[in-house]
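Data block below; observations after.
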Amino acid sequence: MIDEEKSTQLNPIYVWAIAEEYFTITQTCQLLRVSVNRIRSYIDRDEDPMPFRCFPGQTKGYFIHKDDLREWLMRNTVMVHDEKANHGSQRTRR
C-alpha cells in the first residue's frame with residue numbers, strides 16, 4: 001500500500017540538485033550582471049536567442065539549464081583581450 005504522506009514529501013537533496021541545474025531570469029541577471037531588459041532582449045531576438053524554457057501556456061517563470069546558458073555564452077561573447085585589440089583600446093604596460 002502507498003503511504004501518500006511519504007510519496008508527496010520532497011527529498012531536499014533532489015530539490016537542491018534541480019535548483020543548481022536551472023536558473024531563473026533573475027538569477028541569470030545576477031550571474032551575468034545585466035538587467036532583466038537585456039536578458040529579455042536576448043530571449044526575443046531572432047538570431048540565436050537565449051534558450052530560456054517555460055511550460056506550455058506559461059508567460060512567466062522562464063528557466064534556463066546551466067549547460068544551455070554556458071553554450072549560448074560561448075557563442076555570443078568574446079575574449080576581453082580580443083575585443084580590446086579589435087577596438088584599439090589595449091593599454092600599454094609600464
Worksheet entry | Test result for G61, surrounded by 10 or more Cβ atoms within 10 Å (Cβ to Cβ) and at pLDDT 90 or above | yes
Worksheet item: For region 44-58, what are the residues that are surrounded by 10 or more Cβ atoms within 10 Å (Cβ to Cβ) and of a type in the set (F, W, Y)?
Response: F52
Worksheet item: Of all residues in region 64-79, which are among the acidic types (D, E) and surrounded by fewer than 13 Cβ atoms within 10 Å (Cβ to Cβ)?
Response: D67, E71
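The values are calculated or read from the model by the stated rules, or taken from the named source; none is laboratory data. A quick note: this is a predicted structure, and the numbers were derived from the prediction, not measured. Because the Cβ atoms are built from the backbone with ideal geometry, glycine has one as well, and the counts that use them run over all protein chains shown.
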